[in-house]
């Protein structure tokens, strides 16, 4: 009996070490690959200068990546690719192609339409990285999925912010270095997943293509409530991230104060990655839904308070954005956890992908709405519109068990 107990304990320790190793690899690879996401935004001032673009084109650049991601997730979900094929191979191929289209932006003689197309294609293959990374994690973690996805989304946040930091440190070099570095990192990330992460023990591969799968995932009431909460969160998240540099620039011009925009953009977005780690730990103690609910409500409150901070002293303005950057992302992995937990196990990859697809579709609408309203209303009041998302998300979560 004692020998059997020791054997079970040893097997449990081996499994825990393997889970830790796999999660570390997925998190590290996710960070490197998602650095492709905002690489275009990080070099936006250079693109404006070299291509004769206008500041409002930052919305179009961001939206082209989002639209590419949406198109990719529709493709991946419709053909249930993450459930029918080895997800590590899907991740690897997507990372390579995303890196290729990201770096092609440095080609001489490129014009705006080419930039938009390349950012679209980069976004398309990010659909095989972010949701597929979550799918791989869910195949390894039956328990503790909330914490695992919190680490994973934390890596996404750091990857999203990283190009701003690269831009800050490569200030004396040409902007092309940002694109080379991010594409190189994505290639390495894809290789790591393909080489060292095999299909997880809880994977239930789909045996055949199910064209109707994407229409059935919302029949479950709790799955629907979690998804709607995620959609409300997404209305706010990427628009906030896209406009953080513009907020800082506006404040700097209004207050006539010199500010390091790339550095502060990285810090405001990047610290959200640490927030995800803490959110995952808190969710294990207090519950996934409760922490997601509080974070969503908190970020909604930041939206409502935003008009007042543009007239504040610089340290209060930056502190507010840091807090907002913290709260705006904490709920993301937790809402994804609720979605994964309430999804049909055989369609978990497809469910996560289609929810991501719809969520990112919402980000395009939100970004374009804010871009349009910039010409119609006072800048300080723009971000009140973002409160619509958290309010909707909070009310949706209240309807779930």
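Every number in this text was worked out from the coordinates using simple rules, so none of it is lab data. From a predicted model like this one, the values you see are computed outputs, not experimental measurements. In this analysis, Cβ positions are derived from the backbone assuming ideal geometry, glycine residues included, and neighbour counts consider all displayed protein chains.
Here are the numbers:
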read-out: Mean residue ellipticity (222 nm) of the chain, computed from DSSP H runs ≥ 4 via -39,500 (n - 2.57), nearest 500; value: -26500 deg cm²/dmol
read-out: C-alpha long axis of helix 2-33 to longest principal axis of the chain, angle in °; value: 20
read-out: Residue among 257, 249, 19 with the largest mean-square fluctuation in a Gaussian network model of the chain, springs linking Cα atoms under 10 Å; value: 257
read-out: Cα shape, the stretch 220-371, gyration tensor, a/c 1.5 rule; value: prolate
read-out: Cβ crowding within 10 Å averaged over residues, with 88-99, 154-165 ranked highest first; value: 154-165, 88-99
read-out: Cα gyration tensor, the chain - rounded (a/c under 1.5), prolate or oblate; value: prolate
read-out: Shape of the stretch 103-171, Cα gyration tensor, a/c cut at 1.5; value: oblate
read-out: Residues of the stretch 101-122 with amide N under 19 Å of the 7 Å Cα→Cβ point at residue 75; value: 101-105, 114-122
read-out: Rounded tilt (10° steps) of 130-140 against the dominant C-alpha axis of the chain; value: 20
read-out: Residue order, fewest to most surrounding Cβ atoms within 10 angstrom, among 372, 31, 315, 360; value: 315, 372, 31, 360
read-out: Crossing angle, helix 288-309 versus the chain [Cα axis fit, 0-90 degrees, rounded to tens]; value: 0
read-out: Peptide ranges 111-119, 362-370 listed from the most packed, as the mean C-beta count within 10 angstrom indicates; value: 362-370, 111-119
read-out: Protection proxy ranking, peptides 179-190, 233-244, 276-287, 374-385, average beta carbon neighbours within 10 Å, highest first; value: 233-244, 179-190, 276-287, 374-385
